[in-house]
Amino acid sequence: MYHRPLYDTLVKRIQEPRRFIQVLAGPRQTGKTTLVHQVADDTSVPVHYASADEPTLQSRTWIEQQWETGRLLNAETKGKGGALLVLDEVQKVTGWSEVVKRLWDGDTRNNLSLKVLLLGSAPLLIQRGLTESLAGRFEIIPVTHWSYAEMREAFGWDLDRYIYFGGYPGAADLIADWQRWSRYIIDSLIETTLSRDILLLTRVDKPALLRRLFQLGCTFSGQILSYQKMIGQLQDAGNTTTLAHYLELLTGAGMLTGLQKFAANQVRERSSSPKLQVLNTALISAQSRLTFDEARKDREFWGRLAESAVGAHLINSAAGTGIELFYWRERGREVDFVLRFGKTVVAIEVKSGSRKEGLPGMDAFDKAFQPKRKLLVGGDGIPLKKFLLTPASDWVAG
């Protein structure tokens, strides 16, 4: 059973008499739909499932029709726990949040006990719709890329396979054929996310620039680049505001993010150069033209991939917990990752094999911020395998 804690949470909430709007938002191929079908099979509450993931976009009428089907199913329960309506890929319906608000408020006035579960593969677009129309009416549950623990349990993967092939369960059966696996990642995940979850649903004035920014982020994952340097690399006349916006869209799609520099002043954090970070290492490997065996022999590439795996793990395991992730650099001294939860600060250095032996940044960071913990991952520190099996919350607790 993958995503076991989330499965247990959903089963418990669905069986409670209280109605709700629960939102499962996360990237493509993270198991949202399969998880919901498993929950539906294992609960006594009647469920109506419908998906807007069609070649042509659904209209608002589609939501109304599915909602009415859910109401009829709810009426058959005669007030005994209500029914569950599941709308998948709901962000593909233009104006979906206004329709859901109107129908939900109508059920509230009529004392209907219909529960609603919304699924979406574009978390940023889902979040916008929720904050615009459904404030105070929903609870969002992030569904992240699969962890090393989940891929190991489901497919028996060792550490090296996870570092290279990442956390896409749908591609796990293809890894014996590298060409087929890489085409699946590029065509079914990268291209589909860019063209259907971002470009089709959001105004992007320079789609070619968005695509090149994503490729740049995969190439330089784990490195700090100013927006001016990005413009130079991309050979585009765009401005830094446009790049920052496109990076936000890629973050919202669960593909690539830019970590901000840790600072005592939040204004300085927001104005810093981002550290590019993929959210799944498969996005690097599939575009690298290096097979699994070739990648393991390339010390520089493998070290960068391992550090990206650490960053992706920290981001994914921190999702929905209130834990923030940063990097730190000052006068040539750097700490790879910084966790912050409330007033608790944890500094993390990754010894990946592609970096210099000394750790001057940790001493400087310690003097400036007195972190609760100073962790070394790899080398003679915490084994990488153990670190990737430990959620970010464990390091800021206790």
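Assess whether Lys297 counts as being more than 20 Å from Arg161 (Cβ to Cβ), among the basic types (Lys, Arg) and assigned by TED's automatic domain parsing to the domain that holds Asp336.
Judged against the criteria, Lys297 is not a match.
So that you can scan it fast, the table gives a plain yes or no per residue for (1) modelled with pLDDT under 85; (2) outside any helix (DSSP H, G or I); (3) surrounded by fewer than 21 Cβ atoms within 10 Å (Cβ to Cβ):
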| site | (1), (2), (3) |
| --- | --- |
| Ser113 | no, yes, yes |
| Leu118 | no, yes, no |
| Leu125 | yes, no, no |
| Gly136 | yes, yes, yes |
| Ile140 | yes, yes, yes |
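Being farther than 25 Å from Asp158 by Cβ and at pLDDT below 95 is the requirement here; does Pro360 meet it?
Against the criterion (farther than 25 Å from Asp158 by Cβ and at pLDDT below 95), Pro360 qualifies.
State whether one or more residues within region 4-18 are closer than 25 Å to Ser188 by Cβ, touching a residue at least 12 places away in the same chain (Cβ under 8 Å) and of a type in the set (S, T, N, Q).
No; the residues of region 4-18 include none that is closer than 25 Å to Ser188 by Cβ, touching a residue at least 12 places away in the same chain (Cβ under 8 Å) and of a type in the set (S, T, N, Q).
Across region 66-103, what is the number of residues that are in contact with a strand residue (DSSP E or B) (Cβ under 6 Å, 6 or more places away or on another chain) and within 25 Å of Arg196 (Cβ to Cβ)?
Residues flagged as in contact with a strand residue (DSSP E or B) (Cβ under 6 Å, 6 or more places away or on another chain) and within 25 Å of Arg196 (Cβ to Cβ) within region 66-103 amount to 8.
Could you give every pair whose Cβ atoms fall below 8 Å, whose first residue belongs to region 86-107 and is closer than 18 Å to His48 by Cβ, and whose second residue is of a type in the set (Lys, Arg) and in a helix (DSSP H, G or I), counting only separations of at least 6 or pairs across chains?
Asp88/Lys32; Val93/Arg60; Trp96/Arg60; Val99/Arg60; Asp107/Arg71
Answer yes if at least one residue in region 309-329 is modelled with pLDDT under 95 and over 22 Å from the mean Cα position of the chain (by Cα), and no otherwise.
yes
For the structure I just gave you, tell me whether Thr242 is β-branched (Val, Ile, Thr), over 21 Å from Arg289 (Cα atoms) and either in a helix (DSSP H, G or I) or modelled with pLDDT of 95 or more (or both).
yes
For region 25-61: of the residues being charged (D, E, K, R) and crowded, with 18+ Cβ neighbours inside 10 Å, which is modelled with the highest pLDDT?
So, considering only residues that are charged (D, E, K, R) and crowded, with 18+ Cβ neighbours inside 10 Å, the one modelled with the highest pLDDT is Lys32.
Test Gln215 against the stated conditions and say whether it is without any contact (Cβ under 8 Å) to a residue 40 or more places away in the chain and part of a helix (DSSP H, G or I).
No: the conditions fail for Gln215.
Looking at Ser195, Ser188, which one is under 17 Å from Arg28 (Cβ atoms), in the same structural domain as Ile284 (by TED's automatic domain parsing), polar (S, T, N, Q) and surrounded by 14 or more Cβ atoms within 10 Å (Cβ to Cβ)?
Ser188
Please give the number of the condition Glu64 fails out of (1) modelled with pLDDT under 95; (2) surrounded by fewer than 19 Cβ atoms within 10 Å (Cβ to Cβ); (3) more than 29 Å from the chain's Cα centre (by Cα).
If we test Glu64 against (1) modelled with pLDDT under 95; (2) surrounded by fewer than 19 Cβ atoms within 10 Å (Cβ to Cβ); (3) more than 29 Å from the chain's Cα centre (by Cα), just (1) comes out false.
Out of Arg28, Arg19, Arg13, I need the residue that is in a loop (DSSP other than H, G, I, E, B) and within 16 Å of Glu139 (Cα to Cα). Which one?
Arg19
Scanning for something farther than 23 Å from Gly320 by Cβ and either touching a residue at least 24 places away in the same chain (Cβ under 8 Å) or assigned by TED's automatic domain parsing to the domain that holds Phe326 (or both), does region 251-260 turn up at least one residue?
no
Among (1) within 15 Å of Asn280 (Cβ to Cβ); (2) assigned to a helix (DSSP H, G or I), where does Arg196 come up short?
Result: Arg196 passes all but (1).
Given the condition under 20 Å from the mean Cα position of the chain (by Cα) and without any contact (Cβ under 8 Å) to a residue 12 or more places away in the chain, answer yes or no: does some residue in region 20-29 qualify?
Within region 20-29, not a single residue is under 20 Å from the mean Cα position of the chain (by Cα) and without any contact (Cβ under 8 Å) to a residue 12 or more places away in the chain.
Tell me, which helices (runs of 4 or more DSSP H) wholly within region 303-398 include 3 or more residues that are of a type in the set (D, E, K, R)?
Ranges flagged: 360-369.
Does region 366-373 include one or more residues that are in the same structural domain as Lys385 (by TED's automatic domain parsing), modelled with pLDDT of 95 or more and closer than 26 Å to His145 by Cβ?
yes
The values are calculated or read from the model by the stated rules, or taken from the named source; none is laboratory data. Note that the structure is a prediction, hence the values are computed from the model and not measured. Note: ideal-geometry Cβ built from the backbone for every residue, glycine included; neighbour counts use all protein chains shown.
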